[in-house]
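*Asks:* This structure is in structure tokens; I'll ask about it shortly.
The values are calculated or read from the model by the stated rules, or taken from the named source; none is laboratory data. Just so you know, these numbers come straight off a predicted model, no measurement behind them. Here the Cβ is made from the backbone with ideal geometry for all residues, glycine too, and neighbour counts use every protein chain on show.
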Amino acid sequence: MPTLAARDHVSGGTMELFDDNFRAGLDGAWDVPPLQPVTVRTAAEGLTVTPADTDPLTGEPAFAPPAEGRGGGPGPGDHLAWVALARGPGGARGFEVPADGTVECAATLSARGLGGARHPFGAAVPDPDGDVRLATAALITMDPLSHVVCDFLLTNTRVHALYERVPFPGERYAAFSYAVPVASRTPGAWHRLSVRYEAGGTRVVWRVEGVEVFRVDRPGLRPADRGGLLLDHGGEEGEPVRLGRMVPALGLLTLLDGAGPDGRGLVRPAAGSGTWFDPRVGAPREQEFVGDDDLLKQSAWRPGAVLGARRVTVRAEVDSGVRGS
């Protein structure tokens, strides 16, 4: 059974806020919104989440086809195929970040991408096993107030750090998605991953096998390195934000509107779903795409990904002022 702290506020020292080894599956410790259908299996090695649909050409598990009549192609709302969100104390969404401390989400995960080899995007996807835009499994953390998201995405051959600030209606901040490969892997291999909101939520550090692989020192701001931008939604660059709350999650997703090596996105987003600018240049140059929803329908391409999870923990620590960060 998962262990949950009885309170959300951390007043001193170190506190374990959440600990789940999935022996009871996705029980009351997780919220699972109705997205893509999946099969959830629990065994001695942990949890396995597999798409419930099947690719009719290969027989492999695959995400269900796009909804008829959606029109125009995928947008931000289509990134998540499946997600499970960890519940905080009393069923609250997520965990408070101490103003003078750290909150860390750590997980042991595996993943296997499916269907990438027969994608319909030609030379725009030269490496389907490593392309982060195709189906991936994810360790997700998000701050619901600032809309900053800090993830790990697992393809068949790479672990990627994803940093984004997702667009939100009525907000004018710079919205973007940025990803960088941080480790090599093989399909089905297990990895110890952690995302830490440090220094009271003013710094984020990604670790693989206990080793720092990526960090953001000014959360909320668009990275200066445009070469790693997948998406640029425009907006006004402001001041760094403090991440005041961490919502951990596990997920399966695609980023088909994201830019790749040739600078193009794969599938044009649905009309009216937002603004997309060329990530290599920025506004006002609009993003170019390989195709639209018709390309997916005509190709009958069905991606998928399998997620394995052995354990997820969340811990908080209040800095003593003596130990270095």
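*Asks:* All but one of (1) surrounded by fewer than 23 Cβ atoms within 10 Å (Cβ to Cβ); (2) over 28 Å from Gly116 (Cα atoms) hold for Val182, so report the exception by its number.
*Replies:* (2)
*Asks:* Six or more apart or on different chains, Cβ atoms under 7 Å: show the pairs whose first residue is in segment 145-174 and more than 18 Å from Val247 (Cβ to Cβ) and hydroxyl-bearing (Ser, Thr, Tyr) and whose second is at pLDDT below 95 and not in a strand (DSSP E or B).
*Replies:* Sorted first by the residue in segment 145-174, then by its partner, the pairs are Tyr173/Gly238.
*Asks:* Output the residue which, of all residues in segment 103-161 that are assigned to a loop (DSSP other than H, G, I, E, B) and of a type in the set (Gly, Ala, Ser), is farthest from Gly210 (Cα to Cα).
*Replies:* Gly115
*Asks:* Taking the conditions exactly as written (crowded, with 22+ Cβ neighbours inside 10 Å, modelled with pLDDT of 95 or more and part of a loop (DSSP other than H, G, I, E, B)), does Leu255 satisfy them or not?
*Replies:* yes
*Asks:* Could you tell me whether any residue of segment 198-209 is among the acidic types (Asp, Glu), under 22 Å from Val166 (Cβ atoms) and free of Cβ contacts under 8 Å to residues at least 60 places away in the same chain?
*Replies:* Within segment 198-209, none of the residues are among the acidic types (Asp, Glu), under 22 Å from Val166 (Cβ atoms) and free of Cβ contacts under 8 Å to residues at least 60 places away in the same chain.
*Asks:* Which is under 24 Å from the mean Cα position of the chain (by Cα) and farther than 25 Å from Arg165 by Cβ, of Leu307, Leu255, Leu296?
*Replies:* Result of the check over Leu307, Leu255, Leu296: Leu296.
*Asks:* Now for a different question. Only one of (1) of a type outside the set (Asp, Glu); (2) surrounded by fewer than 16 Cβ atoms within 10 Å (Cβ to Cβ); (3) modelled with pLDDT of 95 or more is not met by Phe176, so which one is it?
*Replies:* (2)
*Asks:* Answer yes if at least one residue in segment 239-256 is in contact with a Cys (Cβ under 6 Å, 6 or more places away or on another chain), under 23 Å from Pro181 (Cβ atoms) and in contact (Cβ under 8 Å) with a residue 24 or more places away in the chain, and no otherwise.
*Replies:* The answer is yes; a qualifying residue exists.
*Asks:* Can you name every residue in segment 220-242 that is of a type outside the set (Val, Ile, Thr), in a loop (DSSP other than H, G, I, E, B) and farther than 21 Å from Gly263 by Cβ?
*Replies:* Result: Gly220, Leu221, Glu237, Gly238, Glu239, Pro240, Arg242.
*Asks:* For segment 270-289, give me each residue that is at pLDDT 90 or above, assigned to a loop (DSSP other than H, G, I, E, B) and surrounded by 16 or more Cβ atoms within 10 Å (Cβ to Cβ).
*Replies:* Trp276, Asp278, Pro279, Gln287
*Asks:* Hey, could you check segment 42-62 for residues that are assigned to a strand (DSSP E or B) and either among the acidic types (Asp, Glu) or loosely packed, with under 12 Cβ neighbours inside 10 Å (or both) and say which is nearest to the chain's Cα centre (by Cα)?
*Replies:* So the residue we want is Asp53.
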